[in-house]
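Worksheet for the structure shown next.
The values are calculated or read from the model by the stated rules, or taken from the named source; none is laboratory data. Just so it is clear, the model here is predicted, and its values are computed rather than measured. Backbone-built Cβ (ideal geometry, glycine too); neighbour counts: all protein chains shown. What goes into the accessible areas is simple: the full protein's heavy atoms, side chains included, and nothing from ligands, DNA or RNA. Shrake-Rupley method; radii C 1.70, N 1.55, O 1.52, S 1.80 Å.
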Amino acid sequence: MNRLDGKIAFLSGAARGIGAATAKLMVEAGAKVAIGDVLDERGRQTVKELGDAAIYAHLDVTSEASWAEAMDATIAKFGKLDVLVNNAGIFNGKGVEEASLDDWHRLVAVNLTGVVLGTRAALPHLKKSKGNIVNLASIAGLVGSQLDPLYSLTKGGVTLFTKSTALEFGRKGYGIRVNSIHPGLIETDMGEKTFVMRAAQTGTNDTEQARKTTLGLHPIGRLGVAQDIAKGIVFLASDDAGFMTGAGLVVDGGWTAH
Ligand SMILES: NC(=O)c1ccc[n+]([C@@H]2O[C@H](COP(=O)([O-])OP(=O)(O)OC[C@H]3O[C@@H](n4cnc5c(N)ncnc54)[C@H](O)[C@@H]3O)[C@@H](O)[C@H]2O)c1
């Protein structure tokens, strides 16, 4: 179950966090992986821990030329591509009144343009392999986020881009599946940032209290870890999810059950 033997995957933003945990689990499931990120040193370290089954390629997801280079490096090394994980993303944690126009443009560039460019760069290769795409949305792409409505707007876009590309590629007969995953609060660098921003927005600067508040939103009684999401991504990328496309897998400890 959930095997990826012989598969080649590309993961954006996988130097750390959910992406790095997913790269590791994919290798354990039999895949070879290419990871792209702007954090070169961290990315090379992550790849080193994965041995021969992984390569690192510098990637700024906001740049079309950067995607072309990273994809070329992947094909040069592994010869094909079966899975794209559009994982790179940023969180601002500012309200509508506090965020600057530059904040908004940056969110759009990474969280939306990055996903569009990644999809386009991978498409010729996925058409050949009849592969699949997993997009990192969020529960903030399903329900509203009082902490960061602008982030929520970008993730809502990822949710519907997933469904729309699943439909387009289906209509065109490409045999490419596209699905999204919707994490609750996951304890990564980004997860930590949400505590800091929640504390700032409530005017207390008490990040420990913010953590407790967030924990209380998860009926399962704990926060998520990167491996929780990695398992969902590996499932979606594997043939076990062969009848799933245009779907969103919610892995949120029950947050959106409210
Ligand atoms: N952590 C959470 O609670 C949570 C919840 C819901 C959704 N998500 C989503 O999961 C994904 C991964 O998040 P994470 O928690 O691992 O965050 P993270 O901050 O630990 O990792 C994100 C990675 O993306 C990279 N990145 C940022 N901008 C980039 C760019 N322009 N080009 C290439 N790489 C870039 C970063 O360098 C980093 O390595 C994101 O899309 C995020 O929005 C996270």
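Which pairs have Cβ atoms under 6 Å, sit 6 or more apart or on different chains, and link a residue in region 88-100 that is assigned by TED's automatic domain parsing to the domain that holds Thr62 to one that is among the β-branched types (Val, Ile, Thr)?
Partner pairs satisfying both residue conditions: Ala88/Val61; Ile90/Val110.
With respect to Thr119, determine if the residue is within 15 Å of the ligand (Cβ to nearest atom), open to solvent by less than 40 Å² (accessible area, probe 1.4 Å) and not in a loop (DSSP other than H, G, I, E, B). Give the derivation first.
Numbers: within 15 Å of the ligand (Cβ to nearest atom): yes; open to solvent by less than 40 Å² (accessible area, probe 1.4 Å): yes; not in a loop (DSSP other than H, G, I, E, B): yes.
The answer is yes for Thr119.
Please find, within region 231-258, the residue that is farthest from Ile176 (Cα to Cα) out of those that are more than 18 Å from the chain's Cα centre (by Cα) and among the charged types (D, E, K, R).
Top of the filtered list is Asp240.
If you go through region 8-44 one residue at a time, how many are without any contact (Cβ under 8 Å) to a residue 60 or more places away in the chain and touching a Phe, Trp or Tyr at 6+ places or on another chain (Cβ under 9 Å)?
Residues meeting the conditions: 10.
Of the residues in region 69-103, how many are part of a helix (DSSP H, G or I), open to solvent by 50 Å² or more (accessible area, probe 1.4 Å) and within 15 Å of the ligand (Cβ to nearest atom)?
Keep residues of region 69-103 that are part of a helix (DSSP H, G or I), which gives 69-78, 101-103.
Among the residues that remain, those that are also open to solvent by 50 Å² or more (accessible area, probe 1.4 Å) are: 69, 72, 76-77, 101-102.
Next, from what is left, pick out any that are within 15 Å of the ligand (Cβ to nearest atom): 69, 102.
Total meeting the criteria: 2.
For the subset of region 124-141 comprising residues that are of a type in the set (S, T, N, Q) and touching a strand residue (DSSP E or B) at 6+ places or on another chain (Cβ under 7 Å), which member is farthest from Arg171 (Cα to Cα)? It would help to see each step written out before you state the result.
In the first step, residues of region 124-141 are kept if they are of a type in the set (S, T, N, Q); the result is 129, 132, 135, 138.
Subset that is touching a strand residue (DSSP E or B) at 6+ places or on another chain (Cβ under 7 Å): 132, 135, 138.
Numbers: Asn132: 15, Asn135: 20, Ser138: 26 Å.
Filtering region 124-141 for residues that are of a type in the set (S, T, N, Q) and touching a strand residue (DSSP E or B) at 6+ places or on another chain (Cβ under 7 Å), the one farthest from Arg171 (Cα to Cα) comes out as Ser138.
Check whether at least one residue in region 155-175 is assigned by TED's automatic domain parsing to the domain that holds Leu84, free of Cβ contacts under 8 Å to residues at least 24 places away in the same chain and within 16 Å of the ligand (Cβ to nearest atom), and report yes or no.
yes
Are any residues in region 124-136 in contact with a helix residue (DSSP H, G or I) (Cβ under 8 Å, 6 or more places away or on another chain) and more than 10 Å from the ligand (Cβ to nearest atom), and if so, which ones?
Matches in region 124-136: His125, Gly131, Asn132, Ile133, Val134.
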